[in-house]
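One structure is given below, encoded as structure tokens.
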């Protein structure tokens, strides 16, 4: 086109930019943007929207947002492009906040907007915002198509509201494999293993072919409940009967299931004989079982492999510290910490969020010496500790990886991010209402015990979604039955 001296117009750049994104050519993104500005098309809403989408595709999300903010005109597609970009780049908080801005701007909301916003709500555990979106869909006559319906199921399941997800599923006229997977995965993560299996059999009866995600959800359900025999059968049937070849994630689930259930030798044999080279997830699953069942020798082998595969991952060093701490090898724990300090390796900090009055509050695990602005929460935590102790709670300090006095260990445990979120939730919500917390890491044994006692003492339902699954605490019990 340029060789023929044909000048581009407003219709040239949107499809060109879409092609750059599909071909993954980030090196041409900025030159094309410069050409657009030079030719005077920098104020065109369609071209700018395509640019926002391209920058998001190339993970240059901050530049996309700057361009979005500087756009002289924006339409619903522009807003959708930016919200979608945040979701795909796992910046769910920003997606949630931008959706709120979109609402305030008066822009009409469509199905695409709803799917993106629901995805952000799902990952943040923002149930109130998700409920508002569902009501908007019903009140404004938007279609409950397969995309919106699946997004609603995913949101409700990831907020721990299983019954509402099931209502949406039943109301959908058209369902595809993604809809069924969202349902099965939701049952699995909420500890409803029997329901997950029933849904699977119904799915097969409806002639919907299960895929790799279906079996990953089912195996995950077996892991959550320790159903070894069911897991073995599913793992064998997925390729034999359904022609779905196991991937590394499926092997990871089987190793996790066998390891946690005490079949460590069988798990290790599977690791050695699997046709794919074991990754860090597989070795970490084996290590988790070794920690539970006290197999130090196999655990040290797993840690060696983890450090070999991911020498820069702080979580591996923390796992090594925990194994050493269990054997009270404090000098070796100190050496591990020293290596981390010298190499600049940091562990991922614990982070928990709680939604109150449509606002998502985030808490990061913190030192007991950093109490600025948190005095009310810390005072609440101290009151809770006294009350729960009288009810029988005792801090589980076994896995605190420091050679500290018992009182100092208890203090370190008391400032975990989920406890901060719980204290804040108790302070800011009405008596008797549910508290929903989302955590980025696996909940520790002490916090799990603490939450069980708190649910009974304060007569609250407390729902915690950690990295692996849901824990529904009520009347001193947890839905996981202390198996997680």
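Does segment 271-280 contain at least one residue that is in a helix (DSSP H, G or I) and within 19 Å of residue 484 (Cα to Cα)? Before the answer, list the steps.
Keep residues of segment 271-280 that are in a helix (DSSP H, G or I), which gives 271-273, 280.
Okay, now just the ones that are also within 19 Å of residue 484 (Cα to Cα), so none.
No, segment 271-280 contains no residue that is in a helix (DSSP H, G or I) and within 19 Å of residue 484 (Cα to Cα).
What pairs come out if I take residues in segment 1-16 that are within 14 Å of residue 38 (Cβ to Cβ) and pair them with residues that are surrounded by 11 or more Cβ atoms within 10 Å (Cβ to Cβ) whose C-beta lies under 7 Å away, six or more apart or interchain?
From segment 1-16, the pairs are 8/39; 13/36; 13/41; 13/47; 13/50.
Take segment 396-421 and flag every residue that is part of a loop (DSSP other than H, G, I, E, B) and modelled with pLDDT of 85 or more. So that I can check it myself, show each step before the final result.
Of segment 396-421, the ones part of a loop (DSSP other than H, G, I, E, B) are 396-405, 415-416.
The answer is 416, and nothing else.
What helices (runs of 4 or more DSSP H) completely inside segment 99-199 contain at least 1 residues that are within 21 Å of residue 219 (Cα to Cα) and touching a residue at least 40 places away in the same chain (Cβ under 8 Å)?
The helices (runs of 4 or more DSSP H) meeting that bar are 146-158, 177-189.
If residue 14 satisfies every condition in (1) over 19 Å from residue 86 (Cβ atoms); (2) modelled with pLDDT under 90; (3) within 34 Å of the chain's Cα centre (by Cα); (4) assigned to a helix (DSSP H, G or I) but one, which is the exception?
The failed condition is (2).
Of the residues that make up segment 68-78, is at least one more than 24 Å from residue 123 (Cβ to Cβ), assigned to a helix (DSSP H, G or I) and out of contact with any strand residue (DSSP E or B) (no Cβ under 6 Å at 6 or more places or on another chain)?
Taking segment 68-78 first, the residues more than 24 Å from residue 123 (Cβ to Cβ) are 70-75.
So of that shortlist, the ones also assigned to a helix (DSSP H, G or I) come out as 70.
If we keep only those that are out of contact with any strand residue (DSSP E or B) (no Cβ under 6 Å at 6 or more places or on another chain) too, we end up with 70.
Within segment 68-78, one or more residues are more than 24 Å from residue 123 (Cβ to Cβ), assigned to a helix (DSSP H, G or I) and out of contact with any strand residue (DSSP E or B) (no Cβ under 6 Å at 6 or more places or on another chain).
Taking residue 414 as meeting all but one of (1) out of contact with any helix residue (DSSP H, G or I) (no Cβ under 8 Å at 6 or more places or on another chain); (2) within 16 Å of residue 388 (Cβ to Cβ), write down the number of the exception.
Going through the list (1) out of contact with any helix residue (DSSP H, G or I) (no Cβ under 8 Å at 6 or more places or on another chain); (2) within 16 Å of residue 388 (Cβ to Cβ), residue 414 breaks only (1).
Here's a check for you: in segment 307-331, which residue that is farther than 20 Å from residue 412 by Cα and touching a helix residue (DSSP H, G or I) at 6+ places or on another chain (Cβ under 6 Å) is modelled with the highest pLDDT? Working first, answer last.
Step one: list which residues in segment 307-331 are farther than 20 Å from residue 412 by Cα, which gives 307-313, 316.
From what is left, the residues that are touching a helix residue (DSSP H, G or I) at 6+ places or on another chain (Cβ under 6 Å) are 307, 309-310, 316.
Details: 307: 86, 309: 91, 310: 87, 316: 80.
For segment 307-331, the residue satisfying everything is 309.
Out of curiosity, is residue 333 buried (at least 17 other Cβ atoms within 10 Å of the Cβ), more than 15 Å from residue 219 (Cβ to Cβ) and touching a residue at least 40 places away in the same chain (Cβ under 8 Å)?
On the way: buried (at least 17 other Cβ atoms within 10 Å of the Cβ): yes; more than 15 Å from residue 219 (Cβ to Cβ): yes; touching a residue at least 40 places away in the same chain (Cβ under 8 Å): yes.
Yes: the conditions hold for residue 333.
Output the residues belonging to segment 442-458 that are farther than 16 Å from residue 421 by Cβ and either in a loop (DSSP other than H, G, I, E, B) or in contact with a helix residue (DSSP H, G or I) (Cβ under 6 Å, 6 or more places away or on another chain) (or both).
453, 457
Applying the selection to segment 382-391, what residues are within 11 Å of residue 450 (Cα to Cα) and under 30 Å from the mean Cα position of the chain (by Cα)?
384, 385, 388
Of the residues 215, 263, only one is in contact with a helix residue (DSSP H, G or I) (Cβ under 8 Å, 6 or more places away or on another chain) and buried (at least 21 other Cβ atoms within 10 Å of the Cβ); which?
Numbers: 263 fails: buried (at least 21 other Cβ atoms within 10 Å of the Cβ).
It is 215.
So which residues in segment 200-212 are in a helix (DSSP H, G or I) and either over 20 Å from the mean Cα position of the chain (by Cα) or surrounded by 17 or more Cβ atoms within 10 Å (Cβ to Cβ) (or both)? Spell out how you get there, then give the answer.
If we filter segment 200-212 for residues that are in a helix (DSSP H, G or I), which is where we start, we get 200-205, 212.
The answer is 200, 201, 202, 203, 204, 205.
Select from segment 459-475 the residues that are within 15 Å of residue 354 (Cβ to Cβ) and out of contact with any helix residue (DSSP H, G or I) (no Cβ under 6 Å at 6 or more places or on another chain) and list them in ascending order.
Selection gives 460, 461, 463, 464, 465, 466, 471.
Residue under question is residue 253, and the condition is that it be surrounded by 22 or more Cβ atoms within 10 Å (Cβ to Cβ), over 24 Å from the mean Cα position of the chain (by Cα) and either outside any helix (DSSP H, G or I) or in contact (Cβ under 8 Å) with a residue 24 or more places away in the chain (or both); does it hold? Break it down stepwise before answering.
Numbers: surrounded by 22 or more Cβ atoms within 10 Å (Cβ to Cβ): yes; over 24 Å from the mean Cα position of the chain (by Cα): no; either outside any helix (DSSP H, G or I) or in contact (Cβ under 8 Å) with a residue 24 or more places away in the chain (or both): yes.
The answer is no for residue 253.
The values are calculated or read from the model by the stated rules, or taken from the named source; none is laboratory data. Bear in mind that the values here come from a model prediction, so they are computed numbers and not experimental data. Note that each Cβ is placed from the backbone with ideal geometry, even for glycine, and that neighbours are counted across all protein chains shown.
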